[in-house]
Number of protein chains: 2
Amino acid sequence: MSSKLNLTVQRETIYDIVKNSINHPTAADIMDALRERGHQFAYGTVYNSLKYLTDAGLIRELKLGDSASRYDGQLSDHNHIICRVCGRVDEVFATPPDPWAGTVERETGYKIQNHQTVFTGICPSCQAEGR
Amino acid sequence: MSSKLNLTVQRETIYDIVKNSINHPTAADIMDALRERGHQFAYGTVYNSLKYLTDAGLIRELKLGDSASRYDGQLSDHNHIICRVCGRVDEVFATPPDPWAGTVERETGYKIQNHQTVFTGICPSCQAEGR
DNA sequence: TTTCTTGCAAAACATTTGCAAATCG
DNA sequence: CGATTTGCAAATGTTTTGCAAGAAA
């Protein structure tokens, strides 16, 4: 059943970039990082690999509301916070108090599979610079 | 200070469509609705008007992770839930228990201005059809 | 007139797709 | 060999932009 992983050079390199990235890179960021490492894969291949890695459960795709998808090598259940000033994206590990999802199921009649929260605010460094 | 509202025919018609829409229309949906009402505005004008209405605080723009932005005439604080099967988007009025945002501020050091949660699941009708 | 708004077309951007060539098993 | 993956380029979908023409103040 569990078809085995086929990590080509492209996929492995991209996985490594996402995994070791602190800043939730977009596909374009990954292209840059590849170039820095002396690789040059086609855009199509990058998207293809990201999809493969996402489907394989090795990384997660984040759609945070800015135009481009970001990718996250951190698999544990968590949410994200975006700085409105500098655009930085950080992880949020505090989970919402439990009864919420149940309440929402009762309110909406949906069977909930998943939920993701995006916080927006001002990050510590931008606060320090007086904004 | 509060510059006064300039509602042209285009803006007013689009506002009316968003306000009276139950299904969080995208720009393309709005184009369709306009056509049904016998209007035909340029795409640029539709986006321009949506931006104006959003900035004026009359509607809200939703970026829920699917490709196109949706627009919502419901201004009260609420979240959204998307059916994974049929793509329908519904409102969620149950709010997360209060201490969460504070906890996140303490965890991240951010000053939080806003947060939006997107639930995914299966809507009542799709459940009924046995999925 | 001066300012704002529209319409249209082109550009920009992120992503997907089709297909031939290369690679893997 | 057959199956999968890559590279490239073209196509797609969404949104923005530039600019001339039109409407409003």
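None of the figures in this text is laboratory data; all of them are computed from the coordinates on show. What you are looking at is a predicted structure, and each value in this text was computed from that prediction instead of being measured. Here the Cβ is made from the backbone with ideal geometry for all residues, glycine too, and neighbour counts use every protein chain on show.
Once you put a point 7 Å from the Cα of A:Q74 and another 7 Å from the Cα of A:N23, both along the Cβ direction, what distance in nm separates them?
Using points 7 Å along Cα→Cβ, the separation is 1.6 nm.
Treat each spin label as a single point 7 Å out from the Cα along the C-beta direction, and report the B:V9 to A:C86 distance in nm.
5.0
Rounded, prolate or oblate for the protein assembly as shown? Axes are the square roots of the Cα gyration tensor eigenvalues, ordered a ≥ b ≥ c, and the cut-off for rounded is a/c under 1.5.
rounded
In whole angstrom, note down how far apart the Cα centers of the stretch B:1-39 and the stretch A:72-131 are.
31
As an exercise, identify the GluC sites (Glu not before Pro) in the stretch B:82-117 lying in DSSP coil whose Cβ has no more than 10 other Cβ atoms within 10 Å. Walk me through the numbers on the way to the answer.
On the way: sites: B:E91, B:E105, B:E107; in loops: none.
Counting only loop positions with at most 10 other Cβ atoms within 10 Å, none of the GluC sites (Glu not before Pro) in the stretch B:82-117 qualifies.
Label chain B by shape, choosing from rounded, prolate and oblate, from the square roots a ≥ b ≥ c of the eigenvalues of the Cα gyration tensor; if a/c is under 1.5 it is rounded, and otherwise prolate applies when a/b is larger than b/c, oblate when it is not.
Verdict is oblate for chain B.
Which of the listed residues, A:L5, B:G44, A:I22, is farthest toward the dipole's positive end in the protein assembly as shown, when Lys, Arg count +1 and Asp, Glu count -1 at the beta-carbon?
B:G44
Quickly estimate the mean residue ellipticity at 222 nm for the protein assembly as shown, helices only: each DSSP H run with n ≥ 4 gives -39500 (n - 2.57), and the total goes over all residues, rounded to 500.
Here the helix-only value at 222 nm equals -11000 deg cm²/dmol.
Mind putting together the pair-distance distribution for the stretch B:9-72? All Cα pairs, 5 Å bins, whole percent per bin, short to long.
Reading the bins upward from 0: 4, 20, 35, 27, 12, 2, 0.
Given the stretch A:79-128, what whole percent of its Cα pairs are spread farther than 16 Å? Present the calculation step by step, with values, prior to reporting the outcome.
Details: 638 of 1225 pairs.
Summing the P(r) of the stretch A:79-128 above 16 Å gives 52 percent of all pairs.
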